[in-house]
Amino acid sequence: MQHREKLYELLLRAGLTDVEDVCPGSLFPPEAGWRIARGIAAPDGAVREALDAAWWRRLADADGEFLVAVAGHRIGGNDSWWSRVRYAGAGVPGLTGDPGFVALSLDGQVLLAEVPGADGPRVTALDRLPERLEEAAAAAGCETEAERAEVWAAVPGRPEWPLHWAEGIGSNPAAPDELLIRLLDVEVGFLHACARPAVLDAALAHPDPQVRSSPADTFRPKLTPDQWVRLVRAEPSSSRRVLWAERACAWGVELPADLYDDLLAGPSRAQAVALPALPAHHLPSLAVDADPRVRVTACTRWEDLAAPLRALLLADTDDAVRTAALLAHHATVPMPREIFAALPQPQRALEQCRLSPELEAELVRDGDAEARRALAANPELTAHGVAVLSEDPYDDIRSAVALRPDLDEEQRAAVRYDFDPTTMSHVLPWVEGLHGDAGAMRRLAASSHPLIRRSVARARRLPRDVVERLARDDDRTVRLFLAESCDDAPAEMLLEVWRWWDGSFTHPDRPRSHPNFPRTGLLRYAGDPTGRMRRLALDDAQSTPADVARLARDPEAEVRRRAAEDPRLSPADAVRLLNDPAAHVRRTAMRNSRLPARVLAGLLHDRDTASAAVTNPAIPVPVLHRILAAAAAAVAARR
């Protein structure tokens with residue numbers, strides 16, 4: 001709000017009336033205006049002198065209105081929104097000097113700008129803007145090999161924003177391993193998406209603990225089992241060593257026996273005891289450990305403990321240990337009323353223990369709603385208890401009963417459960433445990449409950465008849481989960497899902513990246529009324545550069561973005577898309593390898609575009625090394 005108030009005051013002082021803030025939408029974007037004002041990919045024919053009243057009259061419409069963006073006033077973020085203003089004066093608005101501005105006529109034909117520079121203000125005045133931009137793009141696309149070499153020989157020169165290079169260079173696919181290994185001393189953010197073995201090895205051997213931990217401290221680690229083990233061994237902090245061991249186990253890594261010995265011998269023994277794959281031969285010593293926290297955790301492995309050790313834990317002098325032992329013991333042995341009544345907090349018993357028939361009957365009939373809610377998901381509940389709760393007056397209790405694994409599908413269908421198909425759903429653990437059982441998958445794929453069918457659809461492999469059934473499911477989330485998770489999903493269904501789903505954070509680019517997604521016959525969608533279907537045309541092996549050029553001018557931004565990432569995009573179209581109204585289209589064009597070197601070098605030296613431009617794979621490797629050296633120097637100077 002502070003920036004908005006300051007902008008309003010500045011416009012008022014300049015003699016302008018603020019009409020409204022305007023999102024670029026389908027307009028020429030302020031970002032491109034700033035870039036042209038700084039001389040990057042700028043058309044020829046620009047006036048480079050003081051802006052007189054005649055130019056301002058050409059800029060404004062009949063009502064004196066035009067669009068303006070003022071440097072440092074971040075309406076919508078990064079000076080990226082226009083302000084529609086009205087000027088009623090006869091002379092020149094008082095916008096000249098600091099902080100700088102760009103202005104655009106409402107018809108997009110006239111651009112005026114003034115930005116500060118090392119040699120004084122830089123003035124730009126352009127008419128016939130769309131036509132001139134087309135001419136500039138065509139001219140930039142005719143760059144010769146000699147001109148490219150001359151441009152790259154001068155980079156990085158005297159960079160204004162080398163810190164932005166450090167943020168982006170690690171995402172450049174052309175950067176060799178040795179450069180990324182050097183980058184570890186400067187910036188480590190790129191490690192969150194890095195899958196290069198040599199780079200990850202170097203990170204795990206780095207003296208800085210933050211660098212060493214970065215490859216593991218991410219949503220989807222790319223570490224191999226051997227690298228996980230090395231990370232755990234190298235960690236000097238006992239607590240973090242256990243943390244990395246937990247993460248490794250969660251990703252299916254089998255830790256070596258001697259590593260468990262080391263973790264249990266350290267100061268974080270109480271945490272290490274909880275590791276899910278802890279070898280059973282450690283349990284006898286843990287059950288009699290001096291630390292009650294360790295003995296409590298040992299109770300979670302009740303079935304692996306010998307009878308004498310169980311007896312010791314049930315008679316333990318520590319209340320927490322004794323309670324944990326009782327809960328573990330009564331997972332299979334019915335818990336009498338007197339023991340249940342003596343529990344300080346009975347919730348866990350309600351959720352996981354087998355109760356005596358009398359106690360269970362009383363609780364499912366007369367217990368309070370919270371007790372019945374906990375019992376509804378208790379795996380040890382008897383058939384009688386399940387039957388009573390399946391008719392409970394509370395919707396959520398009946399709904400929990402409907403998801404129990406011990407119901408057959410006829411019983412499940414008889415339960416009046418409540419289910420909102422629009423809420424986020426996760427795979428049911430008990431269904432996931434049956435993913436390898438073809439018979440169970442056939443039975444559950446026919447379930448009346450959508451959440452069970454959704455959980456089946458998350459299986460990586462399924463029998464053909466199950467896939468065919470789920471691919472026709474009325475619940476479109478079932479079809480979506482099948483498209484995201486199952487390698488057997490059929491091509492026709494994947495294409496159908498693509499019409500309304502473009503990938504999620506957990507499954508990016510599915511269904512389009514699915515191995516069964518059709519790769520032929522897609523050109524027929526080039527004229528489809530739906531933009532997301534037109535996008536597919538360029539995935540067809542029979543598509544041509546002419547198809548790319550046509551879709552680069554598509555009315556929908558998502559289609560233009562697909563063209564902007566295509567390696568067949570012409571250099572001229574790559575330059576033209578830098579002025580696209582949609583920011584994601586402009587960013588994609590900045591990464592296209594067909595972008596002319598002179599334009600790309602300019603983007604590298606612009607604050608707003610440096611971090612995106614440095615990811616362009618067309619930058620020669622020697623230049624990348626020089627860029628990294630400049631970035632490293634800037635980072636070192638800031639520290």
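The values are calculated or read from the model by the stated rules, or taken from the named source; none is laboratory data. Being a predicted model, the structure only gives us computed values, none of them experimental. Cβ: placed from backbone, ideal geometry, glycine included. Neighbour counts: every protein chain shown. What goes into the accessible areas is simple: the full protein's heavy atoms, side chains included, and nothing from ligands, DNA or RNA. Shrake-Rupley method; radii C 1.70, N 1.55, O 1.52, S 1.80 Å.
Checking each residue in region 24-48 for being in contact with a strand residue (DSSP E or B) (Cβ under 8 Å, 6 or more places away or on another chain) and assigned to a loop (DSSP other than H, G, I, E, B) picks out Pro24, Leu27, Phe28, Arg38, Gly39, Ala42, Pro43, Gly45, Ala46, Arg48. Residue count for region 178-188, restricted to those that are without any contact (Cβ under 8 Å) to a residue 40 or more places away in the chain and surrounded by 15 or more Cβ atoms within 10 Å (Cβ to Cβ): 4.
Of the residues Asp304, Asp316, the single one that is open to solvent by less than 40 Å² (accessible area, probe 1.4 Å), more than 33 Å from the chain's Cα centre (by Cα) and either among the β-branched types (Val, Ile, Thr) or closer than 27 Å to Pro379 by Cβ (or both) is Asp316. Is at least one residue of region 558-569 farther than 20 Å from Asn616 by Cβ and either buried (at least 19 other Cβ atoms within 10 Å of the Cβ) or of a type in the set (Asp, Glu) (or both)? Yes, region 558-569 has at least one match.
Yes or no, residue by residue, for (1) of a type outside the set (Ser, Thr, Tyr); (2) within 30 Å of Leu363 (Cα to Cα); (3) out of contact with any Asp or Glu (no Cβ under 7 Å at 6 or more places or on another chain):
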| position | (1), (2), (3) |
| --- | --- |
| Leu264 | yes, no, yes |
| Val273 | yes, no, yes |
| Pro284 | yes, no, yes |
| Ala287 | yes, no, yes |
| Arg293 | yes, no, yes |
| Trp302 | yes, yes, yes |
| Ala320 | yes, yes, yes |
| Thr332 | no, yes, yes |
| Ile339 | yes, yes, yes |
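Any idea which residue in region 267-289 is nearest to Ala250 (Cα to Cα), counting only those that are without any contact (Cβ under 8 Å) to a residue 24 or more places away in the chain and either among the small types (Gly, Ala, Ser) or outside any helix (DSSP H, G or I) (or both)? Across region 267-289, the extreme among qualifying residues is Leu278. When region 466-486 is limited to residues that are farther than 16 Å from Glu432 by Cα and among the acidic types (Asp, Glu), the one that is surrounded by the most Cβ atoms within 10 Å (Cβ to Cβ) turns out to be Asp473.
The set of residues in region 139-170 that are small (Gly, Ala, Ser) and surrounded by fewer than 17 Cβ atoms within 10 Å (Cβ to Cβ) comprises Ala139, Ala146, Ala149, Ala153, Ala154, Gly157. In region 447-464, the qualifying residues are those that are in a helix (DSSP H, G or I) and closer than 14 Å to Ser399 by Cα, and the one that is least open to solvent (accessible area, probe 1.4 Å) is Ile452. All of (1) more than 14 Å from Leu27 (Cβ to Cβ); (2) not in a loop (DSSP other than H, G, I, E, B) hold for Val68 with one exception: (1). Residues that are touching a residue at least 60 places away in the same chain (Cβ under 8 Å) and either outside any helix (DSSP H, G or I) or among the polar types (S, T, N, Q) (or both) within region 49-65 comprise Glu49, Ala50, Leu51, listed in sequence order. Scanning region 435-446 for residues that are within 14 Å of Asp406 (Cβ to Cβ) and surrounded by fewer than 19 Cβ atoms within 10 Å (Cβ to Cβ) yields Ala440, Arg443. Restricting region 43-54 to residues that are open to solvent by 30 Å² or more (accessible area, probe 1.4 Å) and among the hydrophobic types (A, V, I, L, M, F, W, C), the residue that is modelled with the lowest pLDDT is Val47. Residues being within 30 Å of Arg373 (Cα to Cα), free of Cβ contacts under 8 Å to residues at least 60 places away in the same chain and in contact with a Cys (Cβ under 8 Å, 6 or more places away or on another chain) are entirely absent from region 292-312. Contact map, region 233-261: residues that are closer than 20 Å to Pro207 by Cβ and touching a residue at least 24 places away in the same chain (Cβ under 8 Å) paired with residues that are assigned to a loop (DSSP other than H, G, I, E, B) and of a type in the set (A, V, I, L, M), Cβ distance under 7 Å, separation 6+ or inter-chain. Pairs shown: Trp244/Ala216.
In the set Glu362, Glu391, Glu338, Glu370, only one residue is more than 30 Å from Val415 (Cβ to Cβ) and either open to solvent by 30 Å² or more (accessible area, probe 1.4 Å) or polar (S, T, N, Q) (or both); that residue is Glu338.
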